[in-house]
Amino acid sequence: MKILRKLLIALTTAACLNAQAEGLSADGPYIRYRADGIAQTIRVTSAGQIERTDSARLPPDFRFRVESHDGRYAFDVTLHPIVRPTWKYEAPKKLLVLSDPHGDLHSLVSLLRANGVIGKRLEWRYGKNRLMVIGDVFDRGPDVTQILWLLYKLEAEADETGGSVSFLLGNHEPMVLSNDLRYTDEKYKTLADTLGIEYASLFGPDTELGRWLGTRNTIQVIGTNLFVHAGAGQAFYELNPDIPLVNRETSRMLFRRNKTRKAWSPLHAFLYGSEGPLWYRGLVREKPKYKPCAADTLQMILNRYGVERIIVGHTVQPDISAFYDGRVIGVNVNNRKNREQGLGRGLLIEQGACYVVGDKGKLRQLF
């Protein structure tokens, strides 16, 4: 293996692009697979220097370093086979749920460490238990790529111990992948402009992270809990889609422009529309414009999919909050603000009980 790595280095053209742009910080790497067989790796160093490496090939166990924008965290990632997770899992002893990290690696790491999910080296320490992240890694924060690589890494490590890491698609993933950058941190726009490419192309279907994102589910069931980024209401019930169909067809349009998605078919228009699973707010908002879900409709949805509750992100709550007498839980909060104020930032489901957790572990029992 050492000989192979030396050969790889010998066949590598390094620093094909060395550029520095104001406002850049450590980022990447972005691994792109070109049609001519070249694997291109782009990273931004801690000094804000863009480095591009073209390699004749990458070994299947290619290992690389990921560093946070401020140098606070660093970890190694090894490439691993990419497959779509199953849509349904048995309930583990412990299930930690959070959502919408939006590039805030520090808040994510502090929560995972405090609740025993990862160790000091950001390695999986949760055994046969499960971690669920309900979408929206992209936009706003400076460590988007780092969070994606951390979840990618933890997925493989968890699998080795009989646990699992689930990352569902949120609305910001398809936004960025269609190059809708209205909420994207300026550093990423600067990087794309300096490279002379669309930012979305760094996560295209010809990239490692793009291949991984393209196999993430939109809806998943663990035990008696259904997880979806935004929600499901009357329109979802009337459409009556099965979960594998939702997962497959959402992924099918993931790398398309939004107009193309909605014009493709009525199903895709729904999946990417305001009442679809990526955008619907009617489970946690009461104003008529959100088309709130009637309680009996919610119960019919729960009955149809054989679950007791739906757990969502997307809509920011002041703290982890329950709706419909506990049949809906909203876990999206202002992660930085709640971390600084010692408020809830995640939901722990442990042997049937639900707890609000933060950087001091369990804060209170929800029910």
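Whole-Å semi-axes of the chain's equivalent ellipsoid, largest first, each the root of 5 times a Cα gyration tensor eigenvalue? Don't skip to the answer; put the middle values down first.
Numbers: eigenvalues 235, 107, 73 Å².
For the chain, the ellipsoid semi-axes come out as 34, 23, 19 Å.
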| query | Relative to the longest principal Cα axis of the chain, at what angle does helix 186-195 sit, 0 to 90 degrees, rounded to 10? | reply | 40 degrees
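Which whole-number percentage describes the relative contact order of the range 39-151, with Cα contacts under 8 Å and a sequence gap of 6 or more? All intermediate terms of the calculation are to be shown ahead of the outcome.
Details: 142 pairs, mean separation 26.5, N = 113.
Over the range 39-151, the number comes to 23 percent.
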| Residue pairs, from the table K287/K362; K88/K128; K259/K291; K337/K360; K94/K362; K187/K360, whose Cα atoms sit over 21 Å apart | K287/K362; K259/K291; K187/K360
| request: Quick one: work out the % antiparallel among DSSP beta bridges in the chain, nearest 5. | output: 70 percent
| query | Mind listing P(r) for the range 204-274? All alpha-carbon pairs, 5 Å bins, whole percents. | reply | 3, 14, 25, 26, 18, 9, 4, 1
| query | In degrees between 0 and 90, to the nearest 10, how far off the longest principal axis of the chain does helix 105-114 point, with axes built from Cα atoms? | reply | 60 degrees
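Counting only protein heavy atoms and using a 1.4 Å probe, what share of the accessible area of the chain belongs to carbon plus sulfur, as a whole percent?
Values: 7740 of 15580 Å².
Answer for the chain: carbon and sulfur cover 50 percent of the accessible area.
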| note | What helix-only [θ] at 222 nm does the chain give? Using -39500 (n - 2.57) per DSSP H run of at least 4, over all residues, to the nearest 500, the answer is -8000 deg cm²/dmol
| said: Let's test this: bin the Cα-Cα distances of the range 29-96 at 5 Å from zero up to the farthest pair and state each bin's percent. | reply: 3, 12, 17, 19, 15, 13, 10, 7, 5, 0
| Based on the Kirkwood radius over alpha-carbon pairs, what value in µm²/s does the Stokes-Einstein equation return for the translational diffusion coefficient of the range 89-222 at 25 °C and 0.890 mPa s? | 160 µm²/s
| message | So with the 1.4 Å probe, I'd like the accessible area per residue for the chain, rounded to whole Å². | response | 42 Å²
| query | Tell me, what HN-Hα J-couplings in whole Hz come from the Karplus equation 6.51 cos²θ - 1.76 cosθ + 1.60 at θ = phi - 60° for each residue of the range 352-359, using x for Gly and Pro? | reply | x, 8, 10, 10, 7, 10, x, 6
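For the range 86-161, just say rounded, prolate or oblate: build the C-alpha gyration tensor, square-root its eigenvalues into a ≥ b ≥ c, call rounded for a/c under 1.5, and beyond that prolate if a/b exceeds b/c, oblate if not. Before the final figure, lay out the partial values.
Values: a/c = 1.78, a/b = 1.43, b/c = 1.25.
Note, shape of the range 86-161 comes out prolate.
Relative contact order for the chain: what is it in percent, counting Cα pairs under 8 Å that are at least 6 residues apart? Could you put the intermediate results ahead of the total?
Values: 787 pairs, mean separation 57.2, N = 367.
Here the relative contact order equals 16 percent.
The values are calculated or read from the model by the stated rules, or taken from the named source; none is laboratory data. Note that this is a predicted model, so its numbers are computed, not measured. Just so you know, the surface numbers come from the protein's heavy atoms only, side chains and all, with ligands and any DNA or RNA stripped out. Shrake-Rupley method; radii C 1.70, N 1.55, O 1.52, S 1.80 Å.
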